[in-house]
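J.: Got a structure for you, written out below as structure tokens; questions coming shortly.
The values are calculated or read from the model by the stated rules, or taken from the named source; none is laboratory data. In this text, all values refer to a predicted model and were calculated from it rather than measured experimentally. In this analysis, Cβ positions are derived from the backbone assuming ideal geometry, glycine residues included, and neighbour counts consider all displayed protein chains.
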Amino acid sequence: MPCPLSLYILIIFRAIFYFENLILTIDIFLIYFSINNIYTYCSTILKLYFFEKNMKKTLLLPILITQSTLLFAAGNPVAVGDVLGRDLSVTGFGSLGHLGLLASSNNVVQVMNATPYVNIVQNVTVAGFKVDTYWGAKARSRFTWSSSFTSATSQINNLSNQQKPHVAYNLWSSTPNPATQVCASYSSSGACTAYTWKKGSFRCDAFVKWLYTKTGNGDLGGSFPNTTFGSSLLTITRT
């Protein structure tokens, strides 16, 4: 007799959502009511058993490989300038990602959607950065800084603290829009006598890109955090 449609549906369902022995009783029950011939019934049960044994090997292997790849790829940052990545903590949009930059040992600077002109620019620990699925850390072969500073940490902290009171969060743009100083008043001779800050805005990837550019390490590029994390400048993957 031809194999009933319900059996095909059952096999497809088990191939996609395989849980060993969890719904064996349901399988047998459904097959029993789908097949009238006892010999065909027994043969189908045996075929399903061997099918599941093979599917277990077929489906489990790539899962284990993927998990192993993530495990070994998701290394911690080791040097100032390392770019950290993780899933975006927004349901359905996790793969777009979130980025931060290692400013010093166990100190990650990042931009978050928080109170404008107060705490958009934040500093967290490496563990504090890993609030969602962690991607790992990538690095440039050599991270440099401007000669007017004593270290990369000094310049990154200076830039971050400078921007913090003057920037808001911008969800829609990957282009850096830093706050800048502009003249607020002039003398009679036309010289500037006072300065103020023109407000700016950042998204997490835009801020990391801006820090890289300001410290003289080049343009990471990318239109989203995940593509910036894949920048050709980041040639080292921490393990």
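J.: Residues of segment 79-118 being in contact with a Lys or Arg (Cβ under 9 Å, 6 or more places away or on another chain) and loosely packed, with under 13 Cβ neighbours inside 10 Å, which ones?
T.: Across segment 79-118, the qualifying residue is only V118.
J.: Mind checking which pairs have a first residue in segment 173-191 that is more than 30 Å from S160 (Cβ to Cβ) and at pLDDT 95 or above and a second that is surrounded by 12 or more Cβ atoms within 10 Å (Cβ to Cβ) and not polar (S, T, N, Q), Cβ under 6 Å, 6 or more apart or different chains?
T.: The qualifying pairs are Y186/C192.
J.: So the check is Cβ under 7 Å with 6+ separation or different chains; which pairs have a first residue in segment 211-239 that's of a type in the set (A, V, I, L, M) and a second one that's surrounded by fewer than 19 Cβ atoms within 10 Å (Cβ to Cβ) and modelled with pLDDT of 95 or more?
T.: Pairs found: L220/L233; L233/G218; I236/S141.
J.: A follow-up question, please. Return yes when L220 is part of a loop (DSSP other than H, G, I, E, B) and either within 26 Å of N106 (Cβ to Cβ) or touching a strand residue (DSSP E or B) at 6+ places or on another chain (Cβ under 8 Å) (or both) and no when it is not.
T.: yes
J.: Taking only segment 54-78 into account, find how many residues are at pLDDT 55 or above and in contact with a helix residue (DSSP H, G or I) (Cβ under 9 Å, 6 or more places away or on another chain).
T.: So the count comes out to 2.
J.: If I ask for residues that are assigned to a loop (DSSP other than H, G, I, E, B) and closer than 14 Å to R238 by Cβ, which ones from segment 107-133 would you list?
T.: K130
J.: All but one of (1) modelled with pLDDT under 95; (2) aliphatic (A, V, I, L, M); (3) closer than 16 Å to F202 by Cβ hold for V111; which doesn't?
T.: The single condition V111 does not satisfy is (1).
J.: Now for a separate question. Output yes when any residue across segment 134-145 is in a helix (DSSP H, G or I) and buried (at least 17 other Cβ atoms within 10 Å of the Cβ), and no when none is.
T.: No, there is no match, as no residue in segment 134-145 is in a helix (DSSP H, G or I) and buried (at least 17 other Cβ atoms within 10 Å of the Cβ).
J.: So how many residues does segment 201-239 have that are surrounded by fewer than 19 Cβ atoms within 10 Å (Cβ to Cβ) and within 19 Å of N158 (Cα to Cα)?
T.: Within segment 201-239, residues that are surrounded by fewer than 19 Cβ atoms within 10 Å (Cβ to Cβ) and within 19 Å of N158 (Cα to Cα) number 5.
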